[in-house]
1. Of the numbered conditions (1) over 25 Å from F452 (Cα atoms); (2) touching a strand residue (DSSP E or B) at 6+ places or on another chain (Cβ under 8 Å); (3) among the aliphatic types (A, V, I, L, M), A497 fails exactly one; give the number of that condition.
2. In the range 451-474, is there at least one residue being without any contact (Cβ under 8 Å) to a residue 40 or more places away in the chain and within 25 Å of A364 (Cα to Cα)?
3. Return the residue satisfying two criteria in turn: it lies in the range 421-450 and is free of Cβ contacts under 8 Å to residues at least 60 places away in the same chain, of a type outside the set (F, W, Y) and part of a loop (DSSP other than H, G, I, E, B), and of such residues it is nearest to I481 (Cα to Cα).
4. Here are some conditions: (1) open to solvent by 60 Å² or more (accessible area, probe 1.4 Å); (2) at pLDDT below 75; (3) over 40 Å from the mean Cα position of the chain (by Cα); (4) not basic (K, R). A47 meets all but one. Which one does it not meet?
5. Residues to consider are A398, A404, A364; find the one that is of a type in the set (A, V, I, L, M, F, W, C) and over 34 Å from the mean Cα position of the chain (by Cα).
6. Output the residue which, of all residues in the range 301-315 that are touching a residue at least 40 places away in the same chain (Cβ under 8 Å) and not in a helix (DSSP H, G or I), is nearest to L190 (Cα to Cα).
7. Would you confirm, using the coordinates I've provided, whether E126 is of a type in the set (D, E) and out of contact with any helix residue (DSSP H, G or I) (no Cβ under 6 Å at 6 or more places or on another chain)?
8. Looking for whichever is touching a Gly at 6+ places or on another chain (Cβ under 8 Å), surrounded by 14 or more Cβ atoms within 10 Å (Cβ to Cβ) and not in a loop (DSSP other than H, G, I, E, B) here; the options are A28, A35. Which one fits?
Amino acid sequence: MQQYKIMLDLLREQRGKYLVGLFLLGIANPLSNIAASILFIDVFDKAVYDASLIPAIIAKFSLLILVEATITPLGGYLVNFSALKTTARLREQVLRKLIRLDQTTLNKSHGGDLISRCTNDIQIAETAYKEQIQQVGQVLLNGVGCSLFMVILNWRFAVALMVYQMVMLLVATRFAKASKQASEEVQSALGKVTEKISDILSGFQVIRLFSIGEYIVDKFKLQNEHARNKSETKVRLNAAYRGVNNFAWSSSFVGFIAISTWFLARGDVSLGTIVALTQAQNGVTQLFTSLGTYIYQLQASMAGFDRIQELMRKKDEPQYYPLTGTEYCDDAALSLRNVSFHYEDGAKVINDLSLSIDRGETIAIVGPSGGGKSTLLKLILGFHYPQSGGISIMGKPASKYTLAEIRDLVAFVSQDPYLFSGTVRENILYGNPSATDEQVIAAAKQANAHEFIQGLGEGYDTVVGERGIFLSGGQKQRIAIARAILKDAEILLLDEATSALDNESEALVQTALDELMKEKTSIVIAHRLSTIEDADRILVMDQGEIAEQGTHQELLKQGGIYASLYSLQFREDQIA
């Protein structure tokens with residue numbers, strides 16, 4: 001019952017229209033069957049002896065047809081309208097939930113599975129609202145109404161028929177639980193198939209480069225076969241259930257003929273009553289033969305609702321920055337004091353780190369791979385949270401900020417910036433959706449991107465493709481920088497923003513970055529040390545700690561890790 005309550009709760013805004021629609025659809029069939037049955041009594045017990053009654057009976061039949069033709073489409077419209085509005089709102093709720101999901105939960109979830117919950121499962125929910133609940137309601141009201149009518153006409157006849165059909169219903173409903181379990185397994189298996197397809201589409205270049213197409217297909221076939229096997233199990237249950245239903249319907253019809261003949265021969269009922277009972281019996285038979293089918297299908301759809309609800313119950317990202325350590329603050333733009341962080345597996349990435357960055361200062365962070373550089377930026381952005389220590393931002397403890405407020409203070413440009421599959425203009429506008437066209441163009445000019453954007457086919461209205469596939473690396477990077485410029489945040493984080501570019505693109509992007517960093521508090525993770533020689537301070541991170549710090553010249557004189565890295569890169573550049 002809890003699942004059905006959830007279904008009705010989701011209908012919250014459309015519940016009135018939906019229930020009215022269900023009611024209209026529900027009364028259409030019993031109204032038609034019962035009214036037609038009464039008219040058949042008039043036809044076979046009265047009109048055959050008095051032809052003057054025929055015009056009135058025809059008029060009543062015509063009125064009955066008109067009433068049914070009016071309420072049935074109206075009910076269908078209200079149900080379908082409510083279902084479409086509800087599932088559209090449900091899609092929005094699921095998307096909002098995905099955006100709010102805790103980062104750890106997102107990291108553990110596969111994109112393909114989340115896509116499946118947003119698409120396949122919601123489509124199943126829509127089918128349940130538009131068809132299956134409607135079918136259950138119609139069959140139930142029609143069957144109960146016709147049953148009561150049959151009892152009134154001849155209770156002994158009605159009871160004899162319904163007892164048998166009740167037994168058949170109990171047998172058929174035994175399949176419902178197995179059906180729901182089979183459907184859950186099918187939905188889960190199809191979710192895994194979607195995951196594989198998502199992986200393949202994202203990694204098609206690797207597949208081609210390594211010529212592993214057949215190998216990938218073979219691995220996919222295993223998952224696909226698993227989904228097919230689960231679907232076949234569901235098909236077998238459907239077939240068995242359909243066989244039980246067909247047997248119930250056929251045998252009850254034979255029983256109806258036998259009982260009718262016996263009652264008629266005894267003179268206990270008139271011909272008109274038998275015809276009326278025949279008409280009403282259609283509704284009763286449908287109740288016992290089809291109700292189980294529709295409940296079976298509705299139970300199967302519950303698997304989709306279960307997966308949606310499972311997603312909705314997952315942990316949200318906290319509203320405020322969760323600091324377990326002691327709160328503190330100072331006047332610096334950004335301060336970390338005794339901050340430590342480790343992943344769930346226990347591997348420590350940041351170890352008792354203390355750091356203070358003044359407003360307007362440019363700090364560069366270098367060091368061996370795995371030293372904790374990118375993790376430090378994720379801590380600042382609230383994608384990870386330290387297990388100990390304190391963080392202060394702009395003179396206030398981080399825990400006093402919501403995560404949204406912290407991210408509003410920060411602009412971030414990564415090595416591989418994400419572009420949405422819209423236009424150039426739309427991607428820049430994500431930095432500030434309320435910006436004017438003039439502001440967008442000014443940001444693009446400052447990012448050294450305006451010239452190449454004008455050279456695109458549709459200028460700022462050029463579609464960039466999924467993840468910006470129609471643009472070069474340098475072009476994507478400059479659009480990302482324009483987006484960061486438009487945001488105009490007080491703190492700038494750059495995570496190896498030029499390391500994947502060729503020399504020409506790097507020069508253009510570096511010029512744009514230099515423009516972006518003016519009068520900003522900047523933290524720059526750099527792979528190419530030549531790009532950070534002018535930084536106010538350079539930090540060398542190794543194994544989660546600051547091993548060295550100073551200016552470029554000071555660190556060279558120390559002859560430590562930085563000097564070794566610089567010397568190695570200098571020799572590589574000379575060879576190149």
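The values are calculated or read from the model by the stated rules, or taken from the named source; none is laboratory data. Fair warning: this is a prediction, and the values are worked out from it, not measured in the lab. Methodologically, a virtual Cβ is constructed for each residue, glycine included, from the backbone with ideal geometry; neighbour enumeration extends over all protein chains shown. Calculation scope for accessible area: heavy atoms of the full protein, side chains included, ligands and nucleic acids excluded. Shrake-Rupley method; radii C 1.70, N 1.55, O 1.52, S 1.80 Å.
1. In the conditions (1) over 25 Å from F452 (Cα atoms); (2) touching a strand residue (DSSP E or B) at 6+ places or on another chain (Cβ under 8 Å); (3) among the aliphatic types (A, V, I, L, M), A497 misses (1) alone.
2. Step one: list which residues in the range 451-474 are without any contact (Cβ under 8 Å) to a residue 40 or more places away in the chain, which gives 451-462, 469-470, 472-474.
Of the ones still in play, those that are also within 25 Å of A364 (Cα to Cα) are 473-474.
Yes.
3. Here is the first cut: in the range 421-450, the residues free of Cβ contacts under 8 Å to residues at least 60 places away in the same chain are 421-445, 450.
The next check asks that each one be of a type outside the set (F, W, Y); those that pass are 421-429, 431-445, 450.
If we keep only those that are part of a loop (DSSP other than H, G, I, E, B) as well, we get 421-422, 431-436.
Numbers: S421: 17, G422: 17, G431: 10, N432: 13, P433: 15, S434: 18, A435: 15, T436: 17 Å.
That would be G431.
4. (1)
5. Numbers: A398 fails: over 34 Å from the mean Cα position of the chain (by Cα); A404 fails: over 34 Å from the mean Cα position of the chain (by Cα).
It is A364.
6. Ranking the candidates gives K314 first.
7. Judged against the criteria, E126 is not a match.
8. The unique qualifying residue is A28.
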